Amino acid sequence: MAGRGAGTPLLLQLSLLLLLHLGGTLGCALVTVGSPVVPLGSAVTASCTIQRELCRGLEQGKVQISWMLDNKLVAGSQHQGPGGTEVSNLTLPRFNYTQARLWCCVEWNGTKQRVGMAEIRAGYPPAKPLNLSCTLNLSDYGLTCRWELGTDSHLPTSVVLKCAGKPHPLPEGPRARCSVCRRSRGQAVTGCTPRGGHSHCTVPRRLLQLYRQMEIWVSATNALGTAESERLRIDPMDVAKLDPPTLQSIQSIPFQTDCIALAWDVAWGTEHMELQCELRYRAPEDPAWALVTGIIGRAGTAQRCGFLFGTQYHFQMRCRRNSASALASWSEWSPGRNYTTHEKAPTGKLDAWWGAQQAGPGGQLEVQLRWKAPRRREANGRVLGYRVTLSPRRRSRAPPTVCNTTHTQCSFSVPAGTRRVYLSAYNAAGESVPTEVVLLERKGQPVAGLQAVPGDEHSLWVHWEAPLAPVIAYILEWQWVTTEPGHCSTCWQMEHDGAATTALIQDGIEPFQLYNISVYPLYEGTVGVPVHTTAYSQQKAPSYAPKLHLKRIGKSEAELCWEPLPVEMQNGFITSYTIFWANSITDVASATVNPSLSSFVMRGLEPSTLYKVHIMASTAAGGTNGTSLTLVTTVLDDTEIQFLFLTLGLVFVVLMVLLICFQKNERVKEQLWPSVPDPANSSLGKWVPAAAPQESLQVLAAREPGPAAISTVTVLEGEPAKQPGKEHPALPAA
């Protein structure tokens, strides 16, 4: 029974939930809103009415109504309505959802049960469609229009392309679903609806009126309003998309001029139209196309001049219907056609620069001649080579040639005293007029104030002050500075304006490389002395820092040295070296060193202390740290060590002198160490007298400690003739 009693409330709860759900579906609760679609951010009002008799299980007791916006609880007011109904009203001051569900709930057994719902959407009125354009396809004469929709309205929007005109009664086609209505003035409004959310659709031929003006626009409509694009008034034939024409032939006419004749045909189906065409062409080196406009006609030829000799060009053509409308559509560009114009002998003078030196006294003159290749407009084709002669070409005979090369430089020897050579370029069509090169001496006035600044990472601006003497032109030389032996790649250019004080050099300029720049003024009859400067087009931190070496070390200072960085690794002008050092106790100390130095003395160090030292090399763009060097200071300085050794040496010398003096001087020796006779060598030490039997004489060794007991002393007198120390003859027994 207990188990049965426990299960009964659960069954009742489930059944009541089912009844509430079914009742709500059948009309237990009625939810109404002021408007199911509102502007985003506006107020929303709603009402929920509960009918007790339709909500089985809620016939008795008070009904508690609440609201939920999606899963968020919102508060409303509740009162009793007519017929025993319970009514709850809700006002949301700002509805900031683009789409949400508003639920009406009732309280039952502590839980909220959803019994009614209303869906609300919010957004904006449709934006005005923009950039409407149309194109007529001549294959089926359908008018395809495209446009751009504005900002998203967050609401379902209906977009229709509309056309106003009098359509022909032709059978319908399957291209587009179109609508037709009658305007009050009798004009028919037709159109098409884009499919799949696209921003384009095609109006079929049956709804168009060719060769007459039509009004076309786009209409966008949603629940909050309607927006229309600007009206487009066109004749559909004015926007017809033609097929591209065909280029038939291209040829030069007449020969030895810069003009060409081009023959072309229109596309099939456009023979009856008056066309307006454009021609474009360019060489492979040209950055942009050259455009020829105003070609009118149905087919034929077109002429154009101003082409370069010996140059390949790529030609293309397009056409459209010749009408007054600016909206007429161009065809696609035709397939390209290449044509190479005929060559002509090179023209113009060649820019040349030279270097010369005498090969010994009375010897020949060694000349290094360099020149610039002719510009494309002057080359008139592909240059095959260059020729250097000692005299200009004459009709009677060819001058002696000292150099014939395909390069733009040549080294040769000429007789001493030669002051002129002649340089010319040639191609398959002929040879240019020789350029006279005068080998002048370099002793003229130099320029002043030479400096170079970066233009960008691949160029440098060179500035100078003009000399007082009139200048014909300037020669600028620049060379990459490197430590590699034998690497000499010099670029140069000529500035023909003698009044110029600035020039841009670009050939071969690379970032992070040092360039040596020279400027030569050219005068009438001489060349100025060159002036030099160095520059970087772009700088960065050095590739690495120098390696430190310990040159000497003491108690309170240490001297460091390093090798300068190779110029290729500097990446800029070295502005300074910074030395950092520290021990385990003090903070890091540093000192900045002039970039021209390669050594530094650290002072104020602690004796017998370990230090870590590193160097940083810096440019204007940053610095790079080197590896660390570990060193230990000494206990004494060099001078202190030298003084200590000197003192010890002096003491030693004094001691040695004193010792030698003591050994040589007998008087001093006698005063300090007097001579004492050895008793063992006396006569008493060697002779022992006969003792009486009753007397016992004890003789102690000379080194035996302790006193000797002497009981009897006998004094003997020696013989006069006897010398001391002589052995006395044995005495007879007593």
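The values are calculated or read from the model by the stated rules, or taken from the named source; none is laboratory data. Every value quoted in this text rests on a predicted model; they were computed, and no experiment measured them. With ideal geometry, Cβ positions are generated from the backbone for all residues, glycine too; neighbour counts draw on all protein chains shown. Just the protein is used for accessible areas: all its heavy atoms, side chains included, with ligands, DNA and RNA removed. Shrake-Rupley method; radii C 1.70, N 1.55, O 1.52, S 1.80 Å.
Every residue in the stretch 440-458 that is in a strand (DSSP E or B) and in contact (Cβ under 8 Å) with a residue 24 or more places away in the chain, please. Of everything in the stretch 440-458, those that are in a strand (DSSP E or B) and in contact (Cβ under 8 Å) with a residue 24 or more places away in the chain turn out to be ARG442, LYS443, GLY444, ALA448, LEU450, GLN451, ALA452, VAL453, PRO454, GLY455, ASP456.
Can you spot a residue in the stretch 460-473 that is of a type outside the set (D, E, K, R), outside any loop (DSSP other than H, G, I, E, B), under 30 Å from THR311 (Cβ atoms) and touching a strand residue (DSSP E or B) at 6+ places or on another chain (Cβ under 6 Å)? The answer is yes, given that some residue of the stretch 460-473 is of a type outside the set (D, E, K, R), outside any loop (DSSP other than H, G, I, E, B), under 30 Å from THR311 (Cβ atoms) and touching a strand residue (DSSP E or B) at 6+ places or on another chain (Cβ under 6 Å). Taken over the stretch 605-630, the criterion of being over 40 Å from the mean Cα position of the chain (by Cα) and either hydroxyl-bearing (Ser, Thr, Tyr) or surrounded by 14 or more Cβ atoms within 10 Å (Cβ to Cβ) (or both) is satisfied by LEU605, SER608, THR609. For the stretch 283-293, the set of residues classified as under 17 Å from CYS259 (Cβ atoms) and either modelled with pLDDT under 90 or within 37 Å of the chain's Cα centre (by Cα) (or both) consists of ALA283, ALA290, listed by residue number.
Among the residues making up the stretch 563-603, those that are open to solvent by less than 40 Å² (accessible area, probe 1.4 Å), in a loop (DSSP other than H, G, I, E, B) and farther than 16 Å from ILE615 by Cβ are ASN571, GLY572, ASN583. For the stretch 261-278, a residue qualifies if it is out of contact with any Leu (no Cβ under 7 Å at 6 or more places or on another chain) and either outside the structural domain of ARG318 (by the TED database) or assigned to a strand (DSSP E or B) (or both), and the qualifying residues are ALA261, ALA263, ASP265, LEU275, GLN276, CYS277. Note on the stretch 302-328: residues that are under 18 Å from THR270 (Cβ atoms) and polar (S, T, N, Q) amount to 4.
Conditions (1) under 30 Å from GLN209 (Cβ atoms); (2) over 53 Å from the mean Cα position of the chain (by Cα), marked per residue:
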| position | (1), (2) |
| --- | --- |
| GLU86 | no, yes |
| THR91 | no, yes |
| PHE95 | no, no |
| ARG101 | no, no |
| ARG114 | no, yes |
| GLU148 | yes, no |
| THR157 | yes, no |
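Of the residues examined, LYS112 is one that is in a strand (DSSP E or B), in the same structural domain as PRO39 (by the TED database) and of a type in the set (Lys, Arg).
When the residues of the stretch 489-513 are narrowed to those that are among the aliphatic types (A, V, I, L, M) and open to solvent by 20 Å² or more (accessible area, probe 1.4 Å), which ends up nearest to TRP353 (Cα to Cα)? Among those that are among the aliphatic types (A, V, I, L, M) and open to solvent by 20 Å² or more (accessible area, probe 1.4 Å), it is MET494. I need a count of the residues in the stretch 411-435 that are within 17 Å of PRO374 (Cβ to Cβ), in contact (Cβ under 8 Å) with a residue 40 or more places away in the chain and open to solvent by 20 Å² or more (accessible area, probe 1.4 Å). The number of residues fulfilling the criteria is 7.
Residues that are at pLDDT 85 or above, outside any helix (DSSP H, G or I), under 30 Å from LEU224 (Cα atoms) and open to solvent by 70 Å² or more (accessible area, probe 1.4 Å) do occur in the stretch 75-85.
Please state which one of ARG304, ARG320 is in contact (Cβ under 8 Å) with a residue 12 or more places away in the chain, touching a Phe, Trp or Tyr at 6+ places or on another chain (Cβ under 6 Å) and charged (D, E, K, R).
ARG320
Among the residues of the stretch 215-225, some residue qualifies, meaning at least one is at pLDDT 90 or above, part of a loop (DSSP other than H, G, I, E, B), in the same structural domain as TRP147 (by the TED database) and not polar (S, T, N, Q). Taking the stretch 272-285 as the range and being open to solvent by 30 Å² or more (accessible area, probe 1.4 Å) and touching a strand residue (DSSP E or B) at 6+ places or on another chain (Cβ under 9 Å) as the test, the residues that pass are GLU274, GLN276, ARG280, ARG282, PRO284. Considering the stretch 63-73, and only residues there that are farther than 18 Å from TRP108 by Cα and not in a loop (DSSP other than H, G, I, E, B), the residue that is most open to solvent (accessible area, probe 1.4 Å) turns out to be LYS72.
Residue by residue, here is whether (1) assigned by the TED database to the domain that holds VAL481; (2) at pLDDT 90 or above; (3) of a type in the set (D, E, K, R); (4) touching a strand residue (DSSP E or B) at 6+ places or on another chain (Cβ under 8 Å) holds:
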{"position": "LEU560", "(1), (2), (3), (4)": "no, yes, no, yes"}
{"position": "VAL601", "(1), (2), (3), (4)": "no, yes, no, yes"}
{"position": "THR634", "(1), (2), (3), (4)": "no, no, no, yes"}
{"position": "PHE645", "(1), (2), (3), (4)": "no, no, no, no"}
{"position": "MET656", "(1), (2), (3), (4)": "no, no, no, no"}
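Looking at the structure I just gave you, is GLN364 in contact with an Asp or Glu (Cβ under 6 Å, 6 or more places away or on another chain) and open to solvent by 50 Å² or more (accessible area, probe 1.4 Å)? So GLN364 does not fit the description; no. Of all residues in the stretch 495-536, those that are of a type outside the set (D, E, K, R) and out of contact with any strand residue (DSSP E or B) (no Cβ under 8 Å at 6 or more places or on another chain) total 4. Report, by residue number, each residue of the stretch 531-558 that is open to solvent by 40 Å² or more (accessible area, probe 1.4 Å), out of contact with any Ser or Thr (no Cβ under 8 Å at 6 or more places or on another chain) and under 30 Å from TRP480 (Cα atoms). Hits for the stretch 531-558 are THR534, GLN538.
The residue that is farthest from TRP268 (Cα to Cα), counting only those in the stretch 239-249 that are open to solvent by less than 20 Å² (accessible area, probe 1.4 Å) and at pLDDT 85 or above, is LEU247. Scanning the stretch 104-137 for residues that are of a type in the set (Phe, Trp, Tyr) and either open to solvent by less than 50 Å² (accessible area, probe 1.4 Å) or in contact with a helix residue (DSSP H, G or I) (Cβ under 9 Å, 6 or more places away or on another chain) (or both) gives a single hit, TRP108. One residue stands out in the stretch 34-57 among those that are assigned to a strand (DSSP E or B) and surrounded by 17 or more Cβ atoms within 10 Å (Cβ to Cβ): the one that is nearest to the chain's Cα centre (by Cα), namely VAL38. For the stretch 381-407, which positions are in contact with a Gly (Cβ under 9 Å, 6 or more places away or on another chain) and open to solvent by less than 70 Å² (accessible area, probe 1.4 Å)? Result: GLY381, THR405.
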